[in-house]
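The values are calculated or read from the model by the stated rules, or taken from the named source; none is laboratory data. Fair warning: this is a prediction, and the values are worked out from it, not measured in the lab. Note that we place each Cβ from the backbone using ideal geometry, even for glycine, and neighbour counts take in every protein chain shown. Protein only, heavy atoms only, side chains kept; ligands, DNA and RNA dropped before computing areas. Shrake-Rupley method; radii C 1.70, N 1.55, O 1.52, S 1.80 Å.
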Amino acid sequence: MEKIQKCPHYKKCGACQIHNLDYDSQLEFKMKKVVRLLGRFHYVEKIIGMQDPYHYRNKVQAAFGRDRQNRIISGVYQSSTHRIVPVDECLIEDKKADEIIVTIRKLLKSFKLKTFDENKMTGFLRHVLVKRGFLSGEIMVVLVTGSEEFKSKRSFLNALLERHPDITTIVQNINNKRTSLVLGEKSVTLYGDGVIKEQLCGYTFTISPKAFYQINPIQTEVLYNKAMEFADIKKSDIVIDAYCGTGTIGIIASKYAGHVYGVELNRDAVADAKKNAELNGIGNVDFIRADAGRYMVDISDEGLKADVVIMDPPRAGSDVRFLKSLVKLSPKKVVYISCNPETLARDLMFLSKNKYKIRKIQPVDMFPHTEHVECVVLLTKSETKT
Ligand code: SAH
């Protein structure tokens, strides 16, 4: 049994909704949730938890501001408010990232740099974002500032690098808008090459400041390996990686497949996916920028076939247009990866009424201490024997 660690910020912060439960009870809580929502479709396999469910987040974000005594603080927004809860150490965040954020806070004071004031829209530092490659060891620091002017830039960067020589790149992102979004449009690389690399399932991926990348690298391997096991791709198979982001799943699947087509709406993500394929020297994968549903209608109109569709939509789930085009395309197998069992239940209902049978449901705990749970589901065409 793991040693229970208790977080002093738990109540104020609100990000870890079930932190009051020990880890076994958390897994039980998630299992019950999945069984309640998906149990009517099929038997639910036992949830795969983490050996060490702490400090798993490879991406850490801190808001900067001032407290009532006008002291500089950094931490997280209290859930449902815009108040900053000062946090120096978080039990789910990467330790190194937290240390870097504390160093930056101390440096601000000695360099007399201001924090950004959202009411007056003046000042300098708004947020710090740190991304760390757990396997590669590379670290990116993004300083999100309200203005482009950066006083004492060189000496500030030198001081930061001197204290944390393992930082591999530093980026300044300028966000001068009234917005709850962390990152603004413009980024300037101040040190290193502006991206980090990370290994996943034996491949290398580039992570840029804005790109989506799974936040729990240990469980991502578990999840993707499960997805590959369920997909059981053959060398002659045409595979579609729908909602492919920066191409991680498609690239991992390419090893087993004849050809993989990754489809994604976000232009930057598609560009990253193409670069990632090149970086790994993969020739049998193409990434297309399109609405995933529209793309599948188009290829089935052209008379093309797909054997396996792997889909990983956002929290809102898929939509009827996509699901209808999936049924029209009619692949032998569908592997549905979902971070929201509610929308997954809705989409499985549609597919179970339209030619597909649910064969396996595997929950994976990607976000210990929070209420969230990820699932991977295997569906096959009703007439297919397994
Ligand atoms: N499979 C990836 C990304 C999953 S996140 C990974 O594991 O890293 C979901 C992705 O779906 C996001 O990148 C989002 O931009 C994309 N998306 C959302 N709606 C879409 C649509 N209608 N068609 C294609 N992609 C879409």
In whole percent, and with a 1.4 Å probe on the protein chains, what portion of the accessible area of the stretch 274-386 is carbon and sulfur? 52
One finds, for Ile218 and His82 with R0 = 45 angstrom and r their Cβ-Cβ distance, a FRET efficiency to the nearest 0.05 of 0.90
Using the basic label-point model (7 angstrom from Cα toward the beta carbon), what is the Asn70 to Arg40 distance in nanometres? 6.0
Virtual spin-label span in nm between Lys12 and Arg346, 7 Å along Cα→Cβ: 3.6
Rolling a 1.4 angstrom probe over the protein heavy atoms, how many square angstrom per residue are accessible across the stretch 1-154? 55
Return one quarter of the surface area of the convex hull spanned by the alpha-carbon atoms of the stretch 159-234, equal to its mean projected area, in nm². 7.8
Pseudo-spin-label distance Lys234 to Asp52, built 7 Å along Cα→Cβ, given in nm, is 4.3
Per residue, how much accessible area does the stretch 322-373 have with a 1.4 Å probe, in Å²? 31
Do you know the relative contact order of the stretch 96-218, to the nearest whole percent, from alpha carbon pairs under 8 angstrom that are 6+ apart? 21
Could you give the distance between the Cα centres of the stretch 65-122 and the stretch 155-230, to the whole Å? 19
Of the cross-linked pairs Lys33/Lys226; Lys33/Lys255; Lys324/Lys381; Lys255/Lys332, which ones have a Cα-Cα span greater than 25 Å in the structure shown? Lys33/Lys255
What list of ³J(HN,Hα) values in whole Hz, one per residue of the stretch 5-14 in order, does the Karplus curve 6.51 cos²θ - 1.76 cosθ + 1.60 (θ = phi - 60°) give from phi, with Gly and Pro shown as x? 10, 10, 9, x, 9, 3, 6, 6, 6, x
Efficiency by 1/(1 + (r/R0)^6): what FRET value for Thr189 and Asn284, r their Cβ-Cβ distance, R0 = 30 Å, to the nearest 0.05? 0.40
FRET efficiency estimate (nearest 0.05) - Cβ-Cβ, His259 to Ser155, R0 56 angstrom: 0.60
Can you give the three extents of the C-alpha atoms in the chain along their principal axes, from longest to shortest, in whole Å? 69, 44, 35
Could you give the length gained on full extension between Ser180 and Lys106, defined as 0.36 nm per residue of separation minus the Cα-Cα distance, in nm? 24.2 nm
Residues whose built amide H sits under 5 Å from the amide H of Gly262, excluding neighbours closer than 5 in sequence, are Asp241, Asp286, Phe287, Ile288
So what J values fall out for the stretch 78-94 if you push phi through Karplus, 6.51 cos²θ - 1.76 cosθ + 1.60 with θ = phi - 60°, rounded to Hz, Gly and Pro as x? 4, 4, 6, 10, 10, 7, 7, 8, x, 9, 9, 9, 10, 6, 9, 8, 4
